[in-house]
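Nothing in this text is a laboratory measurement; each read-out follows from the coordinates by a stated rule. Quantities reported herein were computed from a predicted structural model and do not represent experimental measurements. Quick reminder, even Gly has a Cβ in these numbers, built from the backbone with ideal geometry, and neighbours come from all protein chains shown.
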Amino acid sequence: MNTKKKTTSNDTIKFIDLFAGMGGFRLGFEQAVLEQKKQPVCVFSSEIKPYAIQVYKDNYNNEDVAGDITKIDSSEIPDFDVLLAGFPCQAFSSAGKRQGFLDTRGTMFFEVERILKEKKPQGFILENVDGLVKHDLLNKSDEMGQTLTIILQSLRNLGYFVSWQVFDASNFGVPQARKRIYITGTLNSSVNLDGFEPIVNTLDSVLEKNKPLLQGKLIDLLLNHYQIDDLYGKSVKDKRGGSNNIHSWDIELKGSVSKDQRELLGKIMRARRNKKWAELKGIQWMDGMPLTIEEITTFYEHPNLQEMLDDLCKKKYVKLEHPKDVVTFLDDNGIKKQKREYREDIEKGYNIVAGKLSYEINKILDPKAVTPTLVATDLDRIVVPDGKGLRLLTDIEQKRLFGFPDDYILNVKPKEAFDLFGNTVAVPVVKAVATRLLNAVFNSDKRDKKRHNQLELI
């Protein structure tokens, strides 16, 4: 068996914190170590974002934080017992282009592998988005894709007993549905990642009361058209249909809309996503095809259809545009890429003026439910009810939604804070996983010692 003498004393556990972000991984790990009646000692940390480094230093005694891990030789890193790494997730995330190892951010795993190979710590905990599990699938029925397969095999080749599991933060007391994969390994035994007792809280458990409310036209229209309770869980956007979406025409944001026009907009919203329109035009399908008036008449008839469309165009609920098609081109480095361009040779059609982030409010959270996954691009557009009005999440509420303590220092710009939260871990999940890892390491030590004593008696 591949073993290494631990660097820890009887009462300390040394660790390193890679891609440290705002320090959430470290926070959860240290909580777990302290519950083991031991002292956590961070001997090395690495992060490249200046504002993340500032937050990290503010909360961890102004410790030195190394920069780009790719430029740091393993010999510069002190010996340690446990490696922590929430390596960059954008390469595997549904919010990105899912290029995996083809993306430079995806190759950051190999920096983790390099350090593990050269330092051989007792264990590690890695975290990433759940999209990593099925990234680069060979067959739809496969449990995992090639990317995760490569990662797990690489870790096993280093001599580690490897376990992995996808956890939802909402089962660990955090009122946020946030799924992430956790990968653990030790030199002595597998970490049991099954059987966690669910702890579920709703959003109202972290909300403050009587905070400053939002003002403005959009807020006024929402409150004029809906009761507060009716807004719970609603999204405000024109990109999708469905009962949970409030569209600009539902509240007449851009001007008055007749009952017939509202019906027309709803039908266009649904029909524009049908692939058949792209097939008829001989182009690659895109999600949101402009439709000619002739095409619209196939699913909606009205004697004043043209007048209705003209009025909606004038008010900017719809726009008249050519459809887009996929164009393949070579970049400056000769790499084949794709983009969408207007096909001016194809007749213009009517399309919804859409966009996920069109308005200052993207979603109104339900205080009686668990929140959806909070991402960096949404945090400044997510609101909560407070009394008879609506407001943004407070700094303290954002911390609580990720399991950070209220007094965690966050002296950065709001946009920077949103980015840090959107990319951080849920602290209670890290703590739970770390506890299992620490138990595996120490229990293995006890078993090995018992076996050694038995052999000496023979």
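Among the listed pairs 217/239; 71/413; 179/363; 234/388; 316/415, give every one whose C-alpha distance is greater than 24 Å.
Values: 217/239 20 Å; 71/413 28 Å; 179/363 19 Å; 234/388 16 Å; 316/415 29 Å.
Over 24 Å apart, Cα to Cα: 71/413; 316/415.
Given the chain, what percent of its DSSP beta bridges are antiparallel, to the nearest 5? Before the final figure, lay out the partial values.
Details: 32 of 53 bridges.
The antiparallel proportion sits near 60 percent.
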- Message: As an exercise, identify the GluC sites (Glu not before Pro) in the stretch 207-303 lying in DSSP coil whose Cβ has no more than 15 other Cβ atoms within 10 Å.
- Response: 208, 252, 301
- Quick one: if the Förster radius is 51 Å, what FRET efficiency do residue 329 and residue 304 give, using the C-beta to C-beta distance and rounding to 0.05? 0.70
- Task: Just subtract the alpha-carbon distance of residue 150 and residue 411 from 0.36 nm times their residue separation and send over the number in nm, one decimal.
- Result: 90.0 nm
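So what is the calculated 222 nm ellipticity per residue for the chain, using -39500 (n - 2.57) for each DSSP H run with n of 4 or more, over all residues, to the nearest 500 deg cm²/dmol?
When only DSSP H runs of four or more count, the value is -9000 deg cm²/dmol.
Could you state the orientation-averaged shadow area of the convex hull built on the Cα atoms of the stretch 346-411, in nm² to one decimal? Write out the running numbers ahead of the final one.
Working: hull surface 29.9 nm².
For the Cα atoms of the stretch 346-411, the hull's average projected area reads 7.5 nm².
Which trypsin sites (Lys or Arg not before Pro) does the stretch 117-226 hold that lie in a coil by DSSP with at most 14 other beta carbons within 10 Å? Numbers along the way, then the final one.
Working: sites: 117, 119, 134, 140, 156, 178, 179, 180, 209, 217; in loops: 134, 140, 178, 209.
Passing both the DSSP loop test and the Cβ count: 140, 209.
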- Stokes-Einstein, Kirkwood over Cα pairs, the stretch 247-348, 25 °C, 0.890 mPa s; D in µm²/s equals 161
- Note on the structure: Quick numbers on the stretch 177-248, Rg and Dmax over C-alpha atoms in Å, give 20.7, 63
- Residues whose built amide H sits under 5 Å from the amide H of residue 179, excluding neighbours closer than 5 in sequence, are 169
- Item | Kirkwood hydrodynamic radius of the chain, from inverse mean 1/r over distinct Cα pairs, in Å | 25.2
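Can you work out the FRET efficiency for the pair residue 348 and residue 221, with r the C-beta to C-beta distance and R0 = 22 Å, to the nearest 0.05?
Working: r = 30 Å, r/R0 = 1.38.
Between residue 348 and residue 221 the formula returns 0.15.
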